[in-house]
Amino acid sequence: MLKKLFPTLGRFRFTVQIIMLFVTVYGGALLGTYTVDRISQALPSLSCAFDKQTGDHCILIVNQHQLHHRVGEALAKAQEVTLKVFIPTLMSVGVFFMFFFFLNKAFCGWVCPLGTVQELLNKIGRRLKRPLHQFTPGNVGRVRPVKWLMLLVLVLGLPLLAGMGVASNELGDPFCQVCPSRLATTLLTADTEQIALRTGTGINMFLGALGNAMFGFIIIAALAVRQPFCRICPLLSWNALFQRLSPMRLVKVESHEKCEKCGVCEKACPMDIHEIGTEFGKKAFHEDCTLCGRCAEYCPDDGVIQIKFFGIKLFGSSREYYKNRVKQESPEGMPKKRVIKIAVAMPDVNNG
Amino acid sequence: MKRKQLLLAILLAITSAPAVASESAPSATESMAVMAHSGHDHAAMMGMGKPTSWTTYPTLKVKSSGESRERMVSTVVPQNIVAANVDAYSNNLKDENAHRQLPLEMAGAKLDKPATGGFQMLTAREEVGEAVRVASTVYYFGERGAKNPTAMLMQQKNELEIIPQPYPREHSRYRANEEWKFLVRFNGQPLANQKLAFESQNGSQSEWVTDAQGVATVRIPDDFNQDGAQKPAGGHDHGMRRGADFVLVTELADSGKTYLTAFNASYGADAFDQRNLAMGLGFTLLGMVSALPLLRQRKQAEKKAAEVDAGKTEKDEV
C-alpha cells in the first residue's frame with residue numbers, strides 16, 4: 001500500500017513537503033489561532049511569524065528579538081548579565097535543538113515552506129524547458145560564505161548592536177525584513193501587507209526594497225536555478241552549526257572501492273554539492289546538505305549513500321531503485337515524457 | 001469582599017462629596033470622571049482607580065517597565081473603577097494559579113508571570129449598591145508551548161462578560177480597519193441584540209449590536225492622525241508603528257441590578273500605514289526582471305537540455 005502511494009523517496013518527500021507547506025503557511029487557520037504558541041516558536045525552517053495563519057514560526061525571528069531586546073539591552077545598561085537574561089535565549093536554542101535532533105537538516109529539505117516553493121518553481125521551469133544553471137565547484141565556493149555572513153550580520157550582529165543602542169532600533173530584525181519567506185508565505189495567504197514597502201524611515205525602506213527585489217529575483221531565478229535562496233539562507237548555516245549533533249545523517253562509504261565516482265549524485269544534488277561525488281565518509285555530508293536524499297536516490301551503486309538515524313538505515317542507494325528512478329526523472333530534475341505513459345499503464349513502477 | 005468594596009466606595013464618595021452631592025446614588029464612573037478633573041486624585045493615591053482622560057468607562061492598563069523587560073512582572077492599573085483587587089485567570093485551568101486575586105498597591109496590582117505563561121485574562125469588579133461594574137482585558141506573557149487560552153477565555157468570570165473571539169495571538173494585534181468578533185454573555189448565556197459602545201483613545205465612538213449568537217463584529221476605526229503624532233505601539237514593532245487604546249462597553253439591567261462590563265485593549269494603525277504597495281510591487285518586479293536573463297535559452301544550454309532529455313547522462317539506463 002505504502003509502496004504504491006510512495007514508489008520513490010522523492011514522491012514521499014514531495015508529499016511531506018506539501019503537507020508541511022500547509023502546516024507552516026495555513027496551520028493556524030486549520031488547527032486554531034493559537035497553534036503557533038504551542039508547537040515550538042523555534043522551528044528550524046523558514047516558517048514566517050508575519051504569516052498570521054502560520055502553524056509555527058522559525059527560530060531566526062526569536063534570535064533577533066532576544067539579541068535585540070534582552071542581551072543587547074542588558075549589555076548596554078551594563079547590568080549584571082544573569083541567567084535571567086540568557087535563559088530565554090538558551091531555551092529557544094534548546095527547543096530548536098529538540099526538533100533538530102530528530103530531523104537534522106531535513107527541516108530544510110522536507111519542511112521549509114520557502115524550500116518547497118522554490119522546488120515547485122523549478123519543476124515548473126523544467127516543464128517549460130527553461131535552461132538549468134548549475135553551479136561549478138568554483139562558483140559554489142564563492143557563494144557558500146554568504147550564508148555565514150547573513151547569519152553573523154543580519155541575525156546575530158545587527159540585532160545585538162540595535163539592543164545595545166549602537167545601531168538603529170529599526171535594525172532589530174533585519175533578516176526578517178529581507179527574508180523572502182516572509183513575502184512568499186504571506187502572499188500564499190492572500191495577505192499583501194508584507195509585500196507593501198515600509199516607508200516609515202530610510203532604513204525601513206532600504207531593507208524593504210532589498211527584500212522585495214530579492215524575492216522577485218528568487219521566484220524567477222528558481223525557474224532556472226535549483227534552490228537559489230537556500231544557498232545563502234542563514235538558517236542553512238545556523239543548522240550547519242548543529243549538523244554533527246544529530247543522529248540523523250547522510251552517510252557515504254569511507255572508501256572509493258564501491259563508488260565509481262560517476263558524478264550522477266552531484267548532478268542530482270539541488271545544492272550543487274560536489275563533495276558528495278568526490279569525497280567519502282564524513283566529508284561527503286557537507287554543511288550545505290539539506291538531507292533531501294536525491295543523491296541516495298540517484299546513486300547507481302548499492303549501499304554507497306545512505307540516510308541513517310542512530311546508525312539504522314532509513315534509505316540507501318541501490319542499482320534497482322536508480323534504474324526505476326531515472327525512468328521518471330533525470331538527475332537534474334527533468335521529467336521524462338514516457339513516465340506518464342508508464343504511470344498510466346503500470347502505477348507500481350517498482351514492481352515493473 | 002463586597003463589604004470591603006462598599007467601604008472603599010463610600011470612602012471615595014466622601015472624598016469627592018462636593019462634586020457628587022447632587023446625585024442621589026453616584027456611580028463610580030461619575031465619581032472617577034469628576035476626580036479626573038480635580039487636582040487631587042485620592043483614588044490614584046490609594047491605587048484603586050486612576051482616571052483616564054479619554055474615557056470614563058472602567059479599564060485595566062498593564063504597564064511594563066524596569067525589571068519587567070524580562071517580562072516576568074507587570075503592573076495592572078485599574079482606571080475609572082474602584083476595585084479591591086484584580087482577578088487574574090491563567091490559560092492553564094488546572095494550574096494552582098488558574099485564578100489569582102492580585103492585591104492593589106499604590107502603583108497597581110503586581111502581575112507575576114505564572115509558570116505556564118501565555119495569555120492572562122484580567123478583571124476588576126466594583127459593586128456599589130445595585131450597580132456592578134467590571135473592567136477586563138487580556139495580557140500576554142511570551143511563553144513557548146503555552147496552553148490554548150480559548151477555554152480560559154470562555155470560563156465564566158462575571159455575570160455580564162465581553163469575550164474576544166479570538167484574542168489576537170502573539171505577533172498579531174487589533175489593527176485599524178480590521179473586523180474582530182466579541183461574544184457578549186450574561187450568566188453564561190449569549191445575549192442577542194445586545195448593544196456595545198466603542199470608544200477609542202483617538203476619540204472615535206461607535207455602537208455595535210450582537211447577532212443571534214451573541215457575537216458582535218466590531219470594525220476597529222482608522223482614527224490615527226496622518227502626521228503620526230500618536231505614540232508608537234512599542235513591543236515588537238521596534239517603535240515604528242503607532243498604537244492607541246480602545247474600550248468596548250455593554251450594559252444590562254436584570255433583577256433590580258445594573259451591570260456594566262468593559263473590555264479594553266490596544267490597537268495599531270492600519271496594516272498599510274507607512275507602507276506603499278505600489279513601491280513594494282515595483283521593487284519586486286525589478287528583482288524579477290533582473291532574473292529574466294537566467295531564463296533565456298542559450299544554444300549551449302539548449303544542447304545540454306536536449307542531452308539531458310534524451311537521457312544521455314544516465315549511465316545504466318539501457
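The values are calculated or read from the model by the stated rules, or taken from the named source; none is laboratory data. All values derive from a computational prediction rather than experimental measurement. For neighbour counting, all protein chains shown are included, and Cβ atoms are generated from backbone atoms with ideal geometry for every residue, glycine included.
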Residues to consider are A:235, A:250, A:223; find the one that is more than 7 Å from chain B (Cβ to nearest Cβ), in contact (Cβ under 8 Å) with a residue 60 or more places away in the chain, among the aliphatic types (A, V, I, L, M) and buried (at least 20 other Cβ atoms within 10 Å of the Cβ). A:235
Those residues of the range B:165-221 that are aromatic (Phe, Trp, Tyr) and closer than 23 Å to residue B:148 by Cβ come to a total of 4
Looking at residue A:287, is it of a type outside the set (Ser, Thr, Tyr), part of a loop (DSSP other than H, G, I, E, B) and free of Cβ contacts under 8 Å to residues at least 24 places away in the same chain? no
Looking across the range B:149-166 at residues that are within 15 Å of the chain's Cα centre (by Cα) and at pLDDT 95 or above, the single one that is surrounded by the most Cβ atoms within 10 Å (Cβ to Cβ) is B:161
When the range B:113-139 is examined, which residues are found to be within 14 Å of another protein chain (Cβ to nearest Cβ) and farther than 17 Å from residue B:59 by Cβ? B:113, B:115, B:116, B:117, B:118, B:119
Test of understanding: among A:226, A:231, A:244, which residue is out of contact with any strand residue (DSSP E or B) (no Cβ under 9 Å at 6 or more places or on another chain) and modelled with pLDDT under 90? A:244
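Condition check ((1) out of contact with any helix residue (DSSP H, G or I) (no Cβ under 7 Å at 6 or more places or on another chain); (2) within 11 Å of chain B (Cβ to nearest Cβ); (3) within 26 Å of residue A:172 (Cα to Cα); (4) of a type in the set (Gly, Ala, Ser)) across all residues:
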{"residue": "A:16", "(1), (2), (3), (4)": "no, no, no, no"}
{"residue": "A:27", "(1), (2), (3), (4)": "no, no, no, yes"}
{"residue": "A:35", "(1), (2), (3), (4)": "no, yes, yes, no"}
{"residue": "A:43", "(1), (2), (3), (4)": "no, no, yes, no"}
{"residue": "A:54", "(1), (2), (3), (4)": "no, yes, yes, no"}
{"residue": "A:62", "(1), (2), (3), (4)": "no, yes, yes, no"}
{"residue": "A:67", "(1), (2), (3), (4)": "no, no, yes, no"}
Output the number of the condition that residue B:100 fails; it satisfies all remaining conditions of (1) under 18 Å from the mean Cα position of the chain (by Cα); (2) without any contact (Cβ under 8 Å) to a residue 24 or more places away in the chain. (1)
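Residue by residue through the range B:251-294, note down the ones that are among the small types (Gly, Ala, Ser), in contact (Cβ under 8 Å) with a residue 24 or more places away in the chain and more than 7 Å from chain A (Cβ to nearest Cβ). First the steps, then the outcome.
Step one: of the range B:251-294, the residues among the small types (Gly, Ala, Ser) are B:253, B:255-256, B:262, B:265-266, B:268-269, B:271, B:278, B:280, B:282, B:287, B:290-291.
With the extra rule that they be in contact (Cβ under 8 Å) with a residue 24 or more places away in the chain, the set shrinks to B:256, B:262, B:265-266, B:268-269, B:271.
B:256, B:262, B:265, B:266, B:268, B:269, listed by residue number.
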For the structure I just gave you, tell me whether residue A:265 is closer than 23 Å to residue A:131 by Cβ and either crowded, with 23+ Cβ neighbours inside 10 Å or touching a strand residue (DSSP E or B) at 6+ places or on another chain (Cβ under 7 Å) (or both). yes
Of those in the range A:290-310 that are assigned to a loop (DSSP other than H, G, I, E, B) and small (Gly, Ala, Ser), the residue nearest to the other protein chains (Cβ to nearest Cβ) is A:303
Taking the options A:130, A:144, name whichever one is among the basic types (Lys, Arg), buried (at least 16 other Cβ atoms within 10 Å of the Cβ), farther than 22 Å from residue A:67 by Cβ and out of contact with any Asp or Glu (no Cβ under 8 Å at 6 or more places or on another chain). A:130
At least 1 residues that are in contact (Cβ under 8 Å) with a residue 60 or more places away in the chain in each: list the strands (runs of 3 or more DSSP E) lying fully within the range B:178-229 that qualify. B:179-186, B:195-200
Among A:134, A:79, which is the only one that is polar (S, T, N, Q), part of a loop (DSSP other than H, G, I, E, B) and modelled with pLDDT under 85? A:79
Unmet requirement for residue A:47, which otherwise passes all of (1) part of a helix (DSSP H, G or I); (2) of a type outside the set (D, E, K, R); (3) modelled with pLDDT under 85: (1)
Quickly run through the range A:178-213 and pick out the residues that are in contact (Cβ under 8 Å) with a residue 24 or more places away in the chain and crowded, with 22+ Cβ neighbours inside 10 Å. A:179, A:180, A:181, A:182, A:183, A:184, A:185, A:194, A:207, A:208, A:211, A:212
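Quick check on residue B:148: is it of a type outside the set (A, V, I, L, M) and in contact with an Asp or Glu (Cβ under 7 Å, 6 or more places away or on another chain)?
no
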Out of (1) under 17 Å from residue A:106 (Cβ atoms); (2) modelled with pLDDT of 90 or more; (3) in a helix (DSSP H, G or I), what's the single condition that is false for residue A:324? (1)
Which condition breaks for residue A:272 when tested against (1) among the acidic types (Asp, Glu); (2) surrounded by 19 or more Cβ atoms within 10 Å (Cβ to Cβ); (3) within 14 Å of chain B (Cβ to nearest Cβ)? (3)
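For the range B:146-153, does any single residue satisfy the condition of being part of a strand (DSSP E or B) and of a type in the set (A, V, I, L, M, F, W, C)? Working first, answer last.
So in the range B:146-153, the residues part of a strand (DSSP E or B) come out as none.
Checking the range B:146-153: not a single residue is part of a strand (DSSP E or B) and of a type in the set (A, V, I, L, M, F, W, C).
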Would you confirm whether or not the range A:332-341 contains a residue that is part of a strand (DSSP E or B) and at pLDDT 90 or above? no
Condition (residue is under 20 Å from residue A:60 (Cα atoms), touching a Cys at 6+ places or on another chain (Cβ under 9 Å), touching a residue at least 40 places away in the same chain (Cβ under 8 Å) and within 12 Å of chain B (Cβ to nearest Cβ)) applied to the range A:143-157: is it met by at least one residue? no
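Criterion first (on the phi > 0 side of the Ramachandran plot and more than 7 Å from chain B (Cβ to nearest Cβ)) does residue A:211 satisfy it? Please lay out each step first, then the result.
Numbers: on the phi > 0 side of the Ramachandran plot: no; more than 7 Å from chain B (Cβ to nearest Cβ): yes.
Against the criterion (on the phi > 0 side of the Ramachandran plot and more than 7 Å from chain B (Cβ to nearest Cβ)), residue A:211 does not qualify.
For residue B:156, are the conditions met, namely being in a loop (DSSP other than H, G, I, E, B) and either within 14 Å of chain A (Cβ to nearest Cβ) or out of contact with any strand residue (DSSP E or B) (no Cβ under 6 Å at 6 or more places or on another chain) (or both)? Show your work before the answer.
On the way: in a loop (DSSP other than H, G, I, E, B): yes; either within 14 Å of chain A (Cβ to nearest Cβ) or out of contact with any strand residue (DSSP E or B) (no Cβ under 6 Å at 6 or more places or on another chain) (or both): yes.
Against the criterion (in a loop (DSSP other than H, G, I, E, B) and either within 14 Å of chain A (Cβ to nearest Cβ) or out of contact with any strand residue (DSSP E or B) (no Cβ under 6 Å at 6 or more places or on another chain) (or both)), residue B:156 qualifies.
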